[in-house]
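Scroll down for the structure; my scribbles are underneath it.
The values are calculated or read from the model by the stated rules, or taken from the named source; none is laboratory data. Given the structure is predicted, the values throughout are model-derived calculations rather than measurements. Note that we place each Cβ from the backbone using ideal geometry, even for glycine, and neighbour counts take in every protein chain shown.
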Amino acid sequence: MKTQTALRFDKELLELIKEKAKAQKRSLNNYIEYLLYKEVGDIPNEETTKAIEDAKKGVGIKKVDDLDTFLKEL
């Protein structure tokens, strides 16, 4: 769930952030969120969290005896 918040930035810094966002074809909000995730660390979403839990339990895990054969099956 997204939460709205107000942030204050130095005017020159904000202009630089806007330029970088535009260069990457991102919205200002998306670019700032991207930077924060990059700095703070990726927080797994619900799907990823479930996949991690399943992997820890061995759900959907298949033993690979021969990597070449396994890769050909993909």
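Observations
- Only one of the numbered conditions (1) modelled with pLDDT under 90; (2) part of a loop (DSSP other than H, G, I, E, B); (3) among the charged types (D, E, K, R) is violated by Lys38, and that is (2).
- Residue pairs whose Cβ atoms lie under 8 Å apart, sitting 6 or more positions apart in sequence or on different chains, and linking a residue in segment 58-74 that is exposed (fewer than 10 other Cβ atoms within 10 Å of the Cβ) to a partner that is of a type outside the set (A, V, I, L, M), are Gly60/Asp54.
- Exclusive hit being modelled with pLDDT of 90 or more, among the small types (Gly, Ala, Ser), surrounded by 11 or more Cβ atoms within 10 Å (Cβ to Cβ) and in contact with a helix residue (DSSP H, G or I) (Cβ under 7 Å, 6 or more places away or on another chain), set Ala51, Ala21: Ala21
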